[in-house]
Amino acid sequence: METITPQQLTLPVVVSAALVDSINPCAFAVLLTFIAATLVLAERTTSRGLRARWFLWRMGLVYVAGVFLTYLGLGLGLLAFASTFGQTHWIGRVAALIAIGLGLLALQEALVPEWGSRLRVPDGMHAWLHRLTGRASLPAVLTAGVLVGLCTVPCSGAIYLAVLGLLATQATYAEGLGYLVLYNAIFVVPLVAMLFLASSRQVFNTLGRWQLHHRSALKLGLGLGAVALGLLLLETL
């Protein structure tokens, strides 16, 4: 039987990890806050209906682009840092151990929430979003996306970190760029879908209730995914 090499696992692991990471409660919650602020602004500055929806879609896509570019930039920066070392296996092991640790924290939050929430965006993020969205300019909204991308790293960075550890050991920098573009494109697909669905007030309210009631289950899935990916990375190095 032919042995599967770590390099052959890279693409399926990257795709699977991105699918798990894309169902991210922190990113969902902040996006819903952004949509709520943008809907109010749209109804104040434009007529309701299609024009208001177009305003939301345009602003929302720029916001999602900010998140995408921030995650991509962080990933490429870490890959460039790893490539400066001749031996990258220890970097992959460190990334795997950190991912497992963050995954265990996510499991704690999902299974024993009374111990306190530890992986979340800063409390002031929602106020920032309201202020930046209120400016009704594309640069301000892009800035909001960048800030959200940076601030959601503690909440969703475990799986991403494990993937970066894998790429640092199994791919060249050019290959890593391609994998990271694919990963982050998959990561933002649910955000884009939520953006278009939530342009309806009724659907927006339904999504808000769903996200609130399923937050623990989403955290559980993220935690399990991060721990499993970290263990897989330790096994392959």
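Here is a yes/no grid of residues against (1) buried (at least 17 other Cβ atoms within 10 Å of the Cβ); (2) at pLDDT 75 or above:
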site: 14; (1), (2): yes, yes
site: 24; (1), (2): yes, yes
site: 30; (1), (2): yes, yes
site: 40; (1), (2): no, no
site: 43; (1), (2): no, no
site: 51; (1), (2): no, no
site: 62; (1), (2): yes, yes
site: 67; (1), (2): yes, yes
site: 73; (1), (2): no, yes
### Message
Which of the numbered conditions does residue 192 fail, given that it passes all the others? Conditions: (1) under 17 Å from the mean Cα position of the chain (by Cα); (2) among the β-branched types (Val, Ile, Thr); (3) at pLDDT below 80.
### Response
(3)
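Does region 162-176 contain at least one residue that is open to solvent by less than 60 Å² (accessible area, probe 1.4 Å), farther than 22 Å from residue 78 by Cα and not charged (D, E, K, R)? Talk me through it step by step, then tell me what you get.
So in region 162-176, the residues open to solvent by less than 60 Å² (accessible area, probe 1.4 Å) come out as 162-171, 176.
Subsequent filtering for residues that are farther than 22 Å from residue 78 by Cα retains none.
Checking region 162-176: not a single residue is open to solvent by less than 60 Å² (accessible area, probe 1.4 Å), farther than 22 Å from residue 78 by Cα and not charged (D, E, K, R).
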## Note on the structure
Of 83, 156, the only residue that is modelled with pLDDT under 75 and over 17 Å from residue 225 (Cα atoms) is 83
### Task
Report yes if residue 137 is modelled with pLDDT under 70, polar (S, T, N, Q) and either open to solvent by less than 60 Å² (accessible area, probe 1.4 Å) or within 21 Å of residue 183 (Cα to Cα) (or both), otherwise no.
no
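So which residues in region 177-187 are touching a residue at least 24 places away in the same chain (Cβ under 8 Å) and surrounded by fewer than 21 Cβ atoms within 10 Å (Cβ to Cβ)? So that I can check it myself, show each step before the final result.
Just the residues of region 177-187 that are touching a residue at least 24 places away in the same chain (Cβ under 8 Å), to begin with: 177, 179-187.
177, 181, 182, 185, 186 - these are the residues of region 177-187 that are touching a residue at least 24 places away in the same chain (Cβ under 8 Å) and surrounded by fewer than 21 Cβ atoms within 10 Å (Cβ to Cβ).
The values are calculated or read from the model by the stated rules, or taken from the named source; none is laboratory data. On a predicted model such as this, the values are computed, not experimentally measured, just so you know. Using ideal geometry, Cβ is built from the backbone for each residue, glycine included, and neighbour counts are taken over all protein chains shown. For the accessible areas, the whole protein counts, side chains as well, though only heavy atoms, and no ligand, DNA or RNA atoms are used. Shrake-Rupley method; radii C 1.70, N 1.55, O 1.52, S 1.80 Å.
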